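Read-outs throughout are calculated quantities, based only on the coordinates presented, and are distinct from any laboratory measurement. Treat the numbers as computed from the prediction; the structure is a model and nothing was measured. Here the Cβ positions follow ideal geometry from the backbone for every residue, glycine too, while neighbour counts run over all protein chains shown.
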Amino acid sequence: MTGPRFAVEAEGLRKRYGGPGAGTQALDGLDLRVPAGTVHGLLGPNGAGKTTAVRVLTTLARPDGGTARVAGYDVVREAAQVRRRIGLVGQHAAVDEVLGGRQNLVMFGRLYHLGTARARSRADELLERFRLTDAADRPAGEYSGGMRRRLDLAASMILAPPVLFLDEPTTGLDPRGRTEVWDAIRTLVDGGTTVLLTTQYLEEADRLATGISVIDHGRVIAEGAPDRLKERLGGDRIEVVLDDPGTLSAAAGIVGRVASGEVEVDTEALRVGAPVTGRAAALTEAVRALDEAGVAVADIGLRRPTLDEVFLHLTENDARESGTETEKEVPA
């Protein structure tokens, strides 16, 4: 028997903290679908409702309205079934820093009612999977940030849950630590785990997520694959960086001939940029025309909008349309 197509489904989720008029509407009709076996990014500014959504989906908070199912089970009516099928890694490490890595995992195994022998064998399996075997007997307090987060991930996988919720799992880590955690997440997904990831690092979502939902004011304002979201800002751009400020006008005219939209000129950075269609043809024509005009170029290339730009564009538009400031989330 196969599992549900969507590991996480939410429709019209609503959650309010505090009384009418004076409280905070943390979720305001949130809709979400996460296909099984994928990484799905949940992005939004501070106070957008990300953490509240995770709390509702992991049965830590009860919604005021709407429905949600995780691993095929209703988060309200079948909360116990949901909890047996999920793992949760929060923003702060949950491991005991005095205990060694193996001791931590055995302890979590016993807390999950595994027998002593099974808890030990499962700890060894996870230490190997998350590349922590060599540090298994060192106190977790001596681990690097990336190693501690990998140990956190290992602890969340004691019972091999099909759905894993990661709430900003790499906050505070250096680039090496983030890369270590990303590799661990990819390994989990390769093994069939579904991951719902909230993050403040747009690069993280771009690297890991198959699909992304951008939320603001407790509702989804855009969703899709990272590349599809980037296309909403016009696709490719050509950018030219010049050596001589006196050639800005000439360069702008040349770029304008190959552009499919408005040409932007940054006089301080000596940069000219514009959206284009036909990547190779536009770049080739611009290079040829600049060379023929004798315009000295320090750098020229094509780039796509970053997910950061998409995020800012979407959330700024949503704020203007709603005419409200983003409220801070109130913990349950």
Whole-Å semi-axes of segment 65-214's equivalent ellipsoid, largest first, each the root of 5 times a Cα gyration tensor eigenvalue?
24, 21, 12
Expressed as cubic angstrom per residue, what is the convex hull volume of the alpha carbon set of segment 154-274?
170 Å³
Let's test this: bin the Cα-Cα distances of segment 236-303 at 5 Å from zero up to the farthest pair and state each bin's percent.
4, 21, 36, 26, 12, 1
Checking rank on 98-105, 138-145, with mean other Cβ inside 10 Å and highest first, the result is 98-105, 138-145
Sites Val189 and Ala80 - FRET efficiency at Förster radius 30 Å, r taken between beta-carbons, to 0.05:
0.70
So for the pair Arg110, Glu142, with labels modelled 7 Å out along Cα→Cβ, what separation do we get in nm?
2.2 nm
Given an 8 Å cut-off on Cα distances and at least 6 residues of separation, report the relative contact order of segment 6-230 as a percent.
28 percent
In Å and from the alpha-carbon atoms only, list the Rg and Dmax of the chain.
24.1, 78
Full extension between Glu292 and Arg257 adds, at 0.36 nm per residue less the Cα distance, a length in nm of 11.2 nm
The residues Phe311, Phe130, sorted from fewest to most surrounding Cβ atoms within 10 Å, come out as Phe311, Phe130
What number, rounded to the nearest 500 deg cm²/dmol, is the helix-based mean residue ellipticity at 222 nm of the chain, given -39500 (n - 2.57) per DSSP H run of at least four residues and division by all its residues?
-11000 deg cm²/dmol
Any chance you could run the full-extension gain for Thr284 through Asp244? It's 0.36 nm times the residue separation minus the Cα-Cα distance, nm to one decimal.
12.3 nm
Take the eigenvalues of the Cα gyration tensor for segment 115-185, scale each by 5, and report the square roots as semi-axes in whole Å, largest first.
21, 15, 9
